1. Would you mind checking which residues have amide H under 5 Å from Tyr457's amide H? H placed 1.01 Å from N; only 5 or more apart, or other chain.
2. Could you point to the residue in Ser417, Tyr75, Tyr332 farthest towards the positive end of the chain's charge dipole, with +1 and -1 charges on the Cβ of Lys/Arg and Asp/Glu respectively?
3. Output wanted: per-residue J couplings in Hz (rounded whole) for region 345-360, from phi through Karplus 6.51 cos²θ - 1.76 cosθ + 1.60, θ = phi - 60°, x for Gly and Pro.
4. Work out from phi, with θ = phi - 60° and the Karplus expression 6.51 cos²θ - 1.76 cosθ + 1.60, the ³J(HN,Hα) of each residue of region 92-102, listed in order in whole Hz, and give x for Gly and Pro.
5. When the Karplus curve 6.51 cos²θ - 1.76 cosθ + 1.60 is applied with θ = phi - 60°, which whole-Hz ³J(HN,Hα) does each residue of region 185-195 get, with x for Gly and Pro?
6. Got a sec? Charge dipole of the chain, +1 on Cβ for Lys and Arg, -1 for Asp and Glu; which of Ile109, Leu18, Phe46 is way out at the positive end?
7. Would you calculate, for the chain, the mean residue ellipticity at 222 nm contributed by helices, counting each DSSP H stretch of 4 or more residues as -39,500 (n - 2.57) and dividing by all residues, to the nearest 500?
8. Suppose all protein chains stay in the model; what accessible area per residue would a 1.4 Å probe give for region 206-284, in Å²?
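The values are calculated or read from the model by the stated rules, or taken from the named source; none is laboratory data. This structure is a prediction, so every number in the text was calculated from the model and none was measured. Every residue, glycine among them, receives a Cβ derived from its backbone with ideal geometry; neighbour counts consider all protein chains shown. Side chains included, ligands, DNA and RNA excluded: accessible areas come from the protein's heavy atoms. Shrake-Rupley method; radii C 1.70, N 1.55, O 1.52, S 1.80 Å.
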Amino acid sequence: MDNKKHVLIIGGGLSGLLNACILLKNGFKVSLLEKHFQIGGCLQTFTRKGKRFDTGMHYFGSINKGEVLYKIFKYVDIIDEINLFKIDYDIINYKNRSYKLMCDRDAFINKLAKDFPNDIDSINKYVDKIYEVSSSSSMFNLTIPKEDSYLKEEFIETSVYNYLSTFVKNNDLKNVLCGLLPLYAGEKEITPFYLNAYLHRSYLDGSYRIIGGSATLANALVNEIKSMGGQVILNANVNHIHIKDKFAIGVDYNSNQYLSADYIISTIHPKRLFEITDSSAFRKIYKTRLKNIPDTISSFTIYLSFKSNRVDYMPYNYYHYYGDEIWGGENYTKENWPRNFLYMHMSDYKEQRYANSGVVICYMNFEDVKEWSGTSIGRRGKSYEEYKKEKAEKVINLIDKEFAGFKDSIEDYYTSSPLTYRDYTGSENGSLYGMHRDCRRNLETTITPQTKIKNLYLSGQNISMHGMLGVSIGALITCSNLVEIDDVLDQINKE
Ligand SMILES: Cc1cc2nc3c(=O)[nH]c(=O)nc-3n(C[C@H](O)[C@H](O)[C@H](O)COP(=O)(O)OP(=O)(O)OC[C@H]3O[C@@H](n4cnc5c(N)ncnc54)[C@H](O)[C@@H]3O)c2cc1C
């Protein structure tokens, strides 16, 4: 008789998939419920006329042999299933000048030292601090998070901007050093230094795109889950969690189906979780605190299909800023939107001469598309399509000024708005990375995996940290409540 404990996982994004793999490897029975017909959440890709587009995962770091993600992906047996394209640098275009941010510690310092020869000490200190902070973190040591208490308060309670201001006197350098801020939707007085440190360190150790797109990662995880006897149920919209005597006993999905569980892991946005759980399940004060955490901004995205053999493949990502400050892109007017954009190409082959497709991401607040918020995918009407067209043409014309011939090289383009992200991932208001970390209110914006319901745990980008690195580590942290985590970490660290 099968006496394995049954874990139900709500949400089939990176978090749900990784939680499932870790638990299956450790003797649990797992069923994962995903509301969409496609698995992956932000790892989803789509194809139009033979061209493939990544929607929410474009590049990541910490995947060189021996690094955190390499070890985790090896542990869940998918490391050989994904092929990577190495990116040597990002370009930050600021005040009409392009700076290369190399994705390697020494190269990063050497290159910036040439651009800012009078600020070499500041550059070195910045990099040292990034390594100091990340090295004292459980993320980079793959230990259980209590180690995070070693993180000094100054790194948690000071914003990236304010922290850098203490030792970087050259304003241009200060801006360039934070040029990757769209990767964490950084806000000037809000985003804690540690967040920038973790992320930048991760990319400084080597950056990669996934050849063939982020869905290959999701598919590899699904195959692994199935090979270990796990169940992945698509088109399964969880609409109610049953709680009895302070225990979660099962869920309803698609209104008329029920699955029982010994444990439940929710990887969806906490605000969505509250909607599908009895109002008495959580303390009012807890719900109020979480509901009051603002979400990171959303985006307007243009997916570009290029004419054949017209656009040289860009083996780098291009961050463009308007104005004298890279900060504040979320505060724009109709006239001066967008204040920044991120332009990237999709990786199709190991050796690539020309780009087939690309993507441009611009910040956009949900309020801009609020008038269509009552509509659903594919049924938003003519005015919405016209609105998106106007925005897309504006951005394309801007990029054409930076990349000669850009406009003429486009065969087709497709667009998505905050509504698209909201409806495809359940992310609150289409937020890019979920809840905002706020250095001024660190405790209030920190959410742990444990809940008042003893067998209901949380995971995913809203809980630990967003992105490939944050969500992967977060899955381990959540699973540490159910498995012998020391043994798991021993095995992972052997990889
Ligand atoms: C535009 C964009 C670009 C990004 N680029 C990068 C990048 O280059 N590098 C990087 O590291 N990170 C990037 N990120 C962040 C990264 O993709 C996410 O942080 C991460 O993938 C989130 O994983 P998750 O599993 O927590 O959430 P999600 O991927 O949002 O998954 C949640 C899943 O839950 C499902 N769900 C919701 N409600 C229910 C329900 N009631 N029942 C069943 N299922 C439900 C959703 O359909 C979804 O599949 C990007 C994000 C965006 C939006």
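1. Ile264, Ile265, Ser266
2. Ser417
3. In residue order, the calculated couplings are 9, 8, 9, 9, 9, 5, 9, 10, 7, 10, 8, 8, 8, x, 9, 10 Hz.
4. Result, rounded to whole Hz: 10, 9, 9, 6, 6, 10, 9, 10, 8, 9, 5.
5. Along region 185-195, the couplings run 6, x, 10, 3, 9, 10, 5, x, 4, 4, 5 Hz.
6. The one lying farthest along the dipole's positive direction is Phe46.
7. -9500 deg cm²/dmol
8. 45
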